[in-house]
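S.K.: Here it is, the structure in full.
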Amino acid sequence: MLSAADVASPVHAFAERAWEQFLELNPLWATAQGDERWDDRLDDPGPDGRAAQLATLEGWEAEMRGLAGLHQSVEDAVTLDLIAVVVARLREAHELRLWEMEAVDQYGGPQALIGELARLQRTDTPDRFARLLSRLAAYPAWIEAHIANVEAGLAARRTAAAPVVERCISQTRRMLETPAQRSPIVLANDGLAEAQQRALLEAVERHVRPAHEAWLHLLERYAAHARAGDGICYLADGDELYRHHILAWTTIDEDPQAIHEYGLARLADIEAQERSIAAELSHAGVADLRRSLDSDPGNHAHEPADLVAAAEELIARAQAEAPRWFGRLPRDGCLVRAVEPHLEQEAPPAFYVPPSEDGARRGTYYINTFEPSSRPLHRLAATTFHEAVPGHHFQIAIEQELGELPSFRRFGSRLAGGSYVEGWALYAERLAHEMGLYRSPRERFGALESEAWRAARLVVDSGLHALRWTRQQAIDLLREGAGLSRLEAETETDRYISWPGQALSYMIGQREILALRAELERRDGQRFDGQAFHDQVIGHGSLPLSTLRARLPEWVRPRPD
């Protein structure tokens, strides 16, 4: 824990200032944290906004140079390590001109903003409602700035892949085909007074719909210029771009070929374990077991509500067992919600949205209930333990409760990459075995399929972006090697195409946590304290993997005799 001196230290004060500056430049991040001070504006994706961000990064670097010679506590040193990683990542993204392509994205593209605001922005007072109207009025100019960025990418022949463009077009068309009365921002605010309801509908018609029309027009023209292949390696600077994304997502500089081979080796190991469970269940092999699970009506939900109810039961199961494995638990539980209809066709099978700092929004596990019969129940347990308890909800909710840490550590650490966060969640799936949370061979098989899926991600991501794999090759591997349905394999492959390197985060992060645990078990023998290990892994907020490697052994002490 930090002392009062740590909290008052120059490093802590610098990190607080840096976070304030970041939020002011990125007001949507602030909204996501429950900080409403900039809820009336959007970020500036254009040249002025990029220049302001670069100037801010340069200011941080200058301050960190001045702090380097001061005496630092361990936590202060960790804070500076993390911010240095964030600066390097953001600066290189500018240098590589990622802004020319990153808006064409079926998850975080401009067409998704209205749904995000529906989920995140509060309107329960006149002032809050007025801020939303101001933000919607800024939407057309914000879209135009993104269009200018994409036009620059077109001119430089740096474009997104065709499957990603097609999904963005489909998503934007659906938004335009939806009447204003059914817009997600209107549905999310159905309790407004009549005058406010009219003002919101007018804002959708005046600002949102024309912006979507402009964006769709751009995307339809852009589609003819999508890059030649699916992977980023098809761009002239694709190899450099992919190495950036590997480092940005994992915080480790690894060779794509080595990642590919590691993924294949893990797949082979997991398949051997799957064959063992198939034999236990009297099936001729893994393929035979999968066919049985696919055809079993009892292994499929019939209604979306069935999936939500099953997930809630699994969370209750994990929550009841958690005190034996963790000394510190989140103060609040985890809600379960279905993915909103306007996003469900492109959304992953499940994801987690953290709580807001003020507690107004609770930590929420979103489960995709689109075509529920295509989502086998035997895999739901591993998914829930990953996304909710003891996975993302435990790690992220506890991180946000660490009030002694600067806000940058509590809310901005994921700017340094996702491998720590995703690595913990995948570790949590495996920890669930030790906790006795898988109650049947089917659920254990589902957990192995989930792990195989993450190993397949290593193979597919490096295959697509370094080895020139086709989209169909990736889909086939996910179906055959990880047991994904056709719908899941297609959706996931297009996600990997859109976000090079993100799919590597999971198993590379898990690999690091497992390696550290093995090292400490060797060091401490029978005195290894598993509960202390878990508390320390998630007790300092999200970290670059290099920092976790260096610091965790000194934080975890053996149990006393």
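S.K.: Can you name the residue in the stretch 117-138 that is more than 19 Å from Arg206 (Cα to Cα) and assigned to a helix (DSSP H, G or I) and, of all such residues, is modelled with the lowest pLDDT?
M.R.: This residue is Arg119.
S.K.: Being more than 20 Å from the chain's Cα centre (by Cα), assigned to a loop (DSSP other than H, G, I, E, B) and β-branched (Val, Ile, Thr) is the filter here, so list the residues in the stretch 522-561 that pass it.
M.R.: Val556
S.K.: Any idea how many residues of the stretch 215-242 are in a helix (DSSP H, G or I) and either among the polar types (S, T, N, Q) or surrounded by 18 or more Cβ atoms within 10 Å (Cβ to Cβ) (or both)?
M.R.: Result for the stretch 215-242: 10.
S.K.: In addition: For the subset of the stretch 164-187 comprising residues that are surrounded by fewer than 18 Cβ atoms within 10 Å (Cβ to Cβ) and in contact (Cβ under 8 Å) with a residue 24 or more places away in the chain, which member is nearest to Ala93 (Cα to Cα)?
M.R.: My answer is Glu166.
S.K.: Right, here's the next one. For the stretch 160-181, what are the residues that are within 15 Å of Trp499 (Cα to Cα) and outside any helix (DSSP H, G or I)?
M.R.: The answer is Ala160, Ala161.
S.K.: Moving on. Scan the stretch 306-327 and tell me whether some residue there is at pLDDT below 95 and either among the basic types (Lys, Arg) or on the phi > 0 side of the Ramachandran plot (or both).
M.R.: No: zero hits.
S.K.: If you go through the stretch 374-383 one residue at a time, do you hit one that is under 30 Å from Ser170 (Cα atoms) and under 17 Å from the mean Cα position of the chain (by Cα)?
M.R.: Checking the stretch 374-383: at least one residue is under 30 Å from Ser170 (Cα atoms) and under 17 Å from the mean Cα position of the chain (by Cα).
S.K.: What helices (runs of 4 or more DSSP H) completely inside the stretch 423-519 contain at least 2 residues that are under 21 Å from Gly391 (Cα atoms) and within 17 Å of the chain's Cα centre (by Cα)?
M.R.: Because the criterion is at least 2 residues that are under 21 Å from Gly391 (Cα atoms) and within 17 Å of the chain's Cα centre (by Cα), the helices (runs of 4 or more DSSP H) in the stretch 423-519 that meet it are 441-466.
S.K.: Which of the numbered conditions does Gln197 fail, given that it passes all the others? Conditions: (1) surrounded by fewer than 16 Cβ atoms within 10 Å (Cβ to Cβ); (2) at pLDDT 95 or above; (3) more than 26 Å from the chain's Cα centre (by Cα); (4) farther than 24 Å from Pro341 by Cα.
M.R.: Failed condition: (4).
S.K.: Quick check on this structure: which one of Glu102, Glu36, Glu58, Glu92 is assigned to a helix (DSSP H, G or I) and either within 29 Å of Gln171 (Cα to Cα) or touching a residue at least 24 places away in the same chain (Cβ under 8 Å) (or both)?
M.R.: Going through Glu102, Glu36, Glu58, Glu92 in turn, just one is assigned to a helix (DSSP H, G or I) and either within 29 Å of Gln171 (Cα to Cα) or touching a residue at least 24 places away in the same chain (Cβ under 8 Å) (or both): Glu92.
S.K.: Exactly one of (1) under 28 Å from His245 (Cβ atoms); (2) in a helix (DSSP H, G or I); (3) among the aliphatic types (A, V, I, L, M) is unmet by Ala141. Its number?
M.R.: Every listed condition holds for Ala141 apart from (1).
S.K.: Here's something else I'd like to know. Please go through the stretch 254-277 and give me each residue that is crowded, with 20+ Cβ neighbours inside 10 Å and either touching an Asp or Glu at 6+ places or on another chain (Cβ under 7 Å) or not in a helix (DSSP H, G or I) (or both), ordered by number.
M.R.: Ile270
S.K.: Of all the residues that make up the stretch 335-387, how many are among the hydroxyl-bearing types (Ser, Thr, Tyr), part of a helix (DSSP H, G or I) and under 18 Å from Glu312 (Cβ atoms)? Steps first, please.
M.R.: Initial filter on the stretch 335-387 (among the hydroxyl-bearing types (Ser, Thr, Tyr)): 352, 356, 364-366, 369, 373-374, 383-384.
From what is left, the residues that are part of a helix (DSSP H, G or I) are 373-374, 383-384.
Those left that are additionally under 18 Å from Glu312 (Cβ atoms): 383-384.
Result for the stretch 335-387: 2.
S.K.: Just wondering, is there one or more residues in the stretch 67-88 that are of a type in the set (S, T, N, Q), surrounded by 20 or more Cβ atoms within 10 Å (Cβ to Cβ) and farther than 20 Å from Glu20 by Cβ?
M.R.: The answer is no, given that none of the residues of the stretch 67-88 is of a type in the set (S, T, N, Q), surrounded by 20 or more Cβ atoms within 10 Å (Cβ to Cβ) and farther than 20 Å from Glu20 by Cβ.
The values are calculated or read from the model by the stated rules, or taken from the named source; none is laboratory data. Worth saying up front: this structure is predicted, and the values here are computed from it rather than measured. Please note: Cβ atoms are built from the backbone with ideal geometry, for glycine as well, and neighbour counts cover all protein chains shown.
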